[in-house]
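Throughout, read-outs are computed from the coordinates displayed, never taken from laboratory work. None of these values were measured; they are calculated from a predicted model. With ideal geometry, Cβ positions are generated from the backbone for all residues, glycine too; neighbour counts draw on all protein chains shown.
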Amino acid sequence: MRMILSRSLICLAIAGGLLVADSLLVANAADTKSEKTTGIKPEAVKLGRPVDFQRDIYPMLEQNCIACHNVAINEGKLVLEEIKDILKGGKRGASVVAKQPDKSLLYLVATRQKKPHMPPLPNNQDAKALTPRELGLLRQWILEGALGGSDGSRQMLQFAPLPDSAKAVYSVAISPWNRFAAAGRANQVEIYDTTLGKKVTQLVDPNLAAIKFQDKAMYPGGAAHRDFVHSMAFSPSGDMLATGGYRVVKLWKRDASRQTSKLAGPAAVTASAVSADGKTAAVANGGNVIRLINLADGKVVRELKGHTAAVSGLAFFPHPVERSRLDAVATAAEAALATAVTNQGAAEEAVKSFDPKALKLKGEAIAAEKKKRTDAATAAVKAVDAAKTALAAAKTAQAEFAKLVTSSGQLVSGSQDKTVRVWKVADGSSALQIATPAAVNDVAFTKDGARLVSAHADNLVRVWTTVAPKPAEKKADAKKDDKKAENAGPKPVLEIKGHTKPVTGVALILPAGTQIATSSGDNTVRIFDVTKGNQVRSINVGSPVTDVAVRPDGGAIAAAAGNFARLYDMAGKQLAEMKGDLELVRSLASVTEEQSVAKQLVGVADGKQKAADKTAKDRATAAKTAKTAKTAADKKVTEQKPKFAAAKTKSDAAAKAFDGAAKALVAAKKAAVDAAKKATDLKTAADAAKKAADAETKKSAAAAKTSETAKKAAADSAKKLTEAQEAAKKAADDAAKKKAADAVKAATDAKAKADKAAADAAKAATDAKKASDAATKKSTDAAAAAKAAAEAKTKADAASKAAQAKNDTTKKAKDDTEKETAKQMAELKKVTDAQASADRTQKLAEKASADAQAALKTANADKAARDGQQKTADTAVAKATAAVKTGEKSIAVVAFSPDGELLLTGGADHKIHVWYAAAGQAVEMVAGHSGAITALSVSPSGLVLSGGADKLSVAWDISPRWSLAGQLGPKADKPMELGESPFVSRVLSVDFSHDGTKLVTGGGDPSRSGELMIWDVAKKTLIKEIKDAHSDTVFGAEFSRDGTKLLSGAADKFVKIFEVASGKHIRSFEGHTHHVLDVSWKADNTSIASAGADNVIKVWNVDTGEQRRTIGGYSKQVTSLRFVGIGENVISCGGDKSVRYHKIGNGQNYRSFSGGTDFMYAAASSRDESIVVAGGEDGVVRLWNGKNGKLVKAFSP
């Protein structure tokens, strides 16, 4: 796992001043209270050349300013890493005004002319006020225009040493099998053994060794990076660690073991041992010869000959374990002295810096505190003296022991030829030869070397003195055969009985050295008092025991028996059983995890398949229902259309009839009007004619003749009028009627003229009578016409009334039919709309059904695939289980490391197995032999010597060793040149793909870009950069377990998923209200989790993008997050000093890990939750027991 780190830095910047107390930019009040200084006058600078930013300015800024003014921690929003940012300035405006230093804020605060003074004094970053010369350079640079010099356009890549106060831990990781925890503290990377609870190494980049700063080594103790280590991750195999820093990712490779020397013998190795100084190994092969080997080069120093059968046991004196003990004592004494010296310095500083006013002490309290500090300083001096004495004593003991090894070093050998021989290591000469009653299977020296112990095939253990007996005085009366006595040899001091079968091994129990542990074919390990011979304890191992070893501290016994080795305490309680092949066991664990994930995926697929099946059935039913509804709608439309058509036909006919009636009514009404007018006109004319006739009658006597003539003319006119009137009556249309009316009017006018003529004639006597008759006639005719017109009017009125009645009837019929038509039309529209709706519903339902069927098909295929995967996983588990059982080969030999921390076993599988000696957990396997391991021994330095049936003797260094394997970013031939690196800034996140072939990196330029890249680990080349993945810095990135997808979270508040192969964006998750600081996948890929600067953890549904849960409880940013193993639990930590386990299912914080004293930046958990590691601002790397939350170890800076 990896932790994000600048994530931590940015988190602090995000927090709105969390770093103010620890940064260089403390508040203005700090300047006032803590720093009492006046302005600093700059020196006049005469370089003979322009001031160069990189060469002259950047180093002083790097040393004193950039710690708090960089892209990660931009206090006051001011960044001083690049010229463009310097000119841009921060929230107070431009920090530099080209050519005007006295108007440049950077210069004014640096010279102490303007507050806040920078850097503030004191501070926690080891930053110092700029010197007069430095200020002179800064002033001159500004005067010259604040130019970039030779490389001002590029980001400044010069480095200065990190301040000693930079101790924060920004990244942590745990190796896949829990053995190692790694932590990035400042620019250092440290590796810890989680079981042993100790630091095992510190990673060092050899490329940094030659770098100097101010004519001194910049990294005198070595360093992993030049800048903070912001992120790290172990590869799935655990053999590689990736660490991310400024514009670079470094890959560190672990060598599990290394052959330091190898020697081939004439036959299988039967026994081996290593001398106390670790320089010489004794190896016995089947050829009966013992070879002394220089372990430095693997060459044979000499051969020891004398045995006539296989040598089965070897042991050196002095005991190598005693050397290890003395070395440990000396190391502890050195550490104690260092601590005492540190404490002395602190105590003396406390005396020196004693300030009663600052402590607000008065009266007796001042004397008491002063005495307390003085006494502490005195005690500290004494403690240093005592530590020096202890160290001197330890060194003396080491020297004396080394002298003993050189002057009195011996080797004892036991053989199947029934002899025990003691050899002088210095020259290989024989010091003692003992003939025994039975074959010797193993030998050992007592602690003082005065005696030796031999284990025999006759079930006995014998104790011998190593001092040759003085010649006995012969008594006269007891002479014996001298030769026979000589051949009989020395007698054992003790013969120890108890075993019922051959004794296969013997080991001295140190540090007391008064007891031995023995192994036997009788299934037991027994403890005997080597001084008295009595049995102290018998331990039933349950199988014939081939070898025994005792932990150097005398606290445990290891026994090899059958296909297992067991670890017991000295009371005989079994502590652990060790067996099998670690790789096979881990393989089984891995495939079992895959099986569990496969089961989870089957469950998910099964749920989806069932849901899809139900949906498909529901959709099919809905489609069927929709089809039925559509058919019904079609039927209703079919039935309604004729009804509407019939109603429309009736309506049209009624409208037509009404139109005719309306027209007839108009005509009738016009005729009635015309008739009424005509009647009125004729009546008027008749009245006038009668009046004229009456007048003419009166004159008729006088104008009879004229009247008669006029009467005739009037008669003619009347006739014409009558004809015109008759024609008018016959007129069929309006035009004809109008013409007829005109004709009647003309006839009337003509008659009037005739009457006038008659009147004129009346003057004449002859015409008067005619005029009178004409007038009478005219009057009569007019009256008749008026009567006829009145009758015509009556008829016209009746016709008009009839037409009105018919009009009303047809209108009502029209209105009724239109109403019915509208009704039928509305009904038709209703059923037509229903038909259209049913058609749409049917189409949607059919599409939904088709989609559901397709989804069901996909779900079925996915379910089948998942079933296939589970079947494959089940097969793999079964196969791996069988392999684990098969891999449980017989174990022949056991040995402890000199520090007692490790146990080694060897046997029929040709491998050396390394186990933790406290509880028996498997650590490592060392392969290299082609035959069974037949002998194991360990030097005081931890060098392992193995012998095998393949005739080889091999020396191994099994200490963890990590070395730089390569870099990502800089060119391979220019590893120190970061200017061409594709990383624009700090690499804040790294993660390996599940198969270990790819590495994803996340980072970017804050507020400018989000960087997401995928790398080929083997080739160390960029595979793909996902352009514009985010609009701001990427803080977290992780591959899905299947390696097909990539998850990322960034300062733009988004969580996103991309396709690894194509880089295609798949989905975004929006909901955080502040920066997303870490992300993680659940193993089955159904859920993801994200941690935010909004103080929450969010859990998301991958398929839908919906939030499943928001987990609160943090009072500050959640800086780190990771799913634990293959389950639903997550490990997280935050700025509120806490480290926590949560269940994503219900959000429960089921365990917390206390002890953090400051902002926590990174946390990691082992896959089985047995170990939790975390680090933060206080610089302490803490290890907890993940099961109970108890602190196991705290590693301070």
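Here are a few things to note about the model shown:
- Angle between the chain longest axis and helix 582-700 axis [Cα atoms, degrees, rounded to 10]: 10
- Cα gyration tensor category, rounded, prolate or oblate, for region 516-667 with a/c compared to 1.5: prolate
- Applying 1/(1 + (r/R0)^6) with r as the Cβ-Cβ distance of SER1154 and GLU364 and R0 = 51 angstrom yields a FRET efficiency of 0.85.
- Of the trypsin sites (Lys or Arg not before Pro) found in region 557-612, the ones in coil according to DSSP and having at most 12 other Cβ atoms within 10 Å of their Cβ are LYS573.
- In region 946-978, trypsin sites (Lys or Arg not before Pro) in a DSSP loop with at most 16 other beta-carbon atoms within 10 Å: LYS971
- Neighbour counts of other Cβ atoms within 10 Å put CYS65, CYS1133 in the fewest-to-most order CYS65, CYS1133.
- With semi-axes defined as the square roots of five times the eigenvalues of the C-alpha gyration tensor, the equivalent ellipsoid of region 804-888 measures 79, 6, 4 Å, largest first.
- Karplus-based coupling profile of region 1060-1071, in residue order and whole Hz: 5, 4, 9, x, 5, 6, 9, 7, 10, 10, 10, x, with θ = phi - 60° in 6.51 cos²θ - 1.76 cosθ + 1.60 and x standing for Gly or Pro.
- Gyration tensor verdict on region 1106-1186 (Cα atoms; rounded if a/c is under 1.5, prolate if a/b is larger than b/c, oblate otherwise): oblate
- Computed over region 321-408: relative contact order in percent, which uses C-alpha pairs under 8 Å that are six or more apart: 51
- Net lengthening on full extension, ALA1018/LYS198 (0.36 nm per residue, minus Cα-Cα): 292.1 nm
- Tilt relative to the chain, helix 704-730 - C-alpha long axis, 0 to 90 degrees, to 10: 30
- Looking at region 321-380, the trypsin sites (Lys or Arg not before Pro) that sit in a DSSP loop and have at most 15 other Cβ atoms within 10 Å of their own Cβ are LYS360, LYS362.
- Convex hull of alpha carbon positions in region 767-822: directionally averaged projected area 4.6 nm².
- Bridgeable lysines around LYS871 (alpha carbons under 17 Å apart, same-chain partners fewer than 8 residues away excluded): LYS599, LYS863, LYS879.
- Amide H to amide H distances under 5 Å link GLY1176 with VAL169, TYR1161, where only residues 5 or more positions off or on other chains count and H is placed in the peptide plane.
- The value of relative contact order for region 591-813, using C-alpha pairs under 8 Å at least six residues apart, is 32 percent.
- What you get for the chain, charging only the Cβ of Lys and Arg (+1) and of Asp and Glu (-1), is a dipole of about 6340 debye around the Cα centre.
- Whole-Hz Karplus values for region 963-971 come out as 9, 5, 9, x, 9, 10, x, x, 5 Hz, taken residue by residue from phi with 6.51 cos²θ - 1.76 cosθ + 1.60 and θ = phi - 60°; glycine and proline positions read x.
- When you work out D = kT/(6 pi eta Rh) for region 591-813 at 20 °C and 1.002 mPa s, using the Kirkwood radius from C-alpha pairs as Rh and the Stokes-Einstein form, the result is 88 µm²/s.
- Helix 765-886 axis, angle to the chain major axis (alpha carbon atoms, nearest 10°): 10
- Placed amide H near ARG537: partners under 5 Å, 5+ positions off or other chain: ILE527
- ALA512/ALA94 FRET efficiency (R0 56 Å; Cβ-Cβ; nearest 0.05): 0.15
- Segment ASP742..LYS1064, full-extension length gain: 106.1 nm, with 0.36 nm per residue of separation and the alpha-carbon distance subtracted.
- Dipole-positive endmost among ALA727, LEU203, THR111 within the chain (Cβ charges, Cα centre): ALA727
- With a cut-off of 19 Å on the backbone N, the residues of region 710-735 near the modelled label site 7 Å out from ALA784 along Cα-Cβ are 710-730.
- Here the spin labels are modelled as points 7 Å beyond Cα on the Cα-Cβ line, and at LYS395 and ILE211 they lie 3.5 nm apart.
- With all pairs of different C-alpha atoms in the average, the Kirkwood value for the hydrodynamic radius of the chain is 40.4 Å.
- Electrostatic dipole magnitude of region 975-1195 [Cβ: Lys, Arg +1; Asp, Glu -1; Cα centre; debye, to 20]: 660
- Set LYS84/LYS115; LYS683/LYS806; LYS636/LYS843; LYS262/LYS418 screened for pairs whose C-alpha atoms are more than 27 Å apart: LYS683/LYS806; LYS262/LYS418
- Interchain or long-range residues, amide H under 5 Å from VAL545's placed H: SER520, GLY521, ASP522, ASN523, THR524
- With q set to 0.09, 0.11, 0.12 Å⁻¹, the log10 of I(q)/I(0) for region 975-1195, from the Debye formula over equal scatterers at the Cα positions, is -0.34, -0.51, -0.61.
- Binned Cα-Cα distance frequencies in region 321-408 - 10 Å width, integer %: 17, 30, 21, 15, 10, 5, 1
- Rounded to the nearest 20 debye, the dipole size of region 133-250 about its Cα centre is 120 debye, using +1 on the Cβ of Lys and Arg and -1 on the Cβ of Asp and Glu.
- Based on DSSP H segments of at least four residues, each scored -39500 (n - 2.57), the chain has a per-residue ellipticity at 222 nm of -13000 deg cm²/dmol.
- For LYS114 and ASP973, the FRET efficiency from 1/(1 + (r/R0)^6), where r spans their Cβ atoms and R0 equals 45 Å, is about 0.40.
- Under the simplified labelling scheme, the GLU577-SER165 pair shows an inter-label distance of 5.8 nm, with each label point 7 Å from Cα along Cα→Cβ.
- HN-Hα J in Hz across region 429-442 - Karplus 6.51, -1.76, 1.60, θ = phi - 60°, x for Gly and Pro: 6, 7, 9, 6, 10, 10, 8, 10, x, 8, 4, 9, 9, 6
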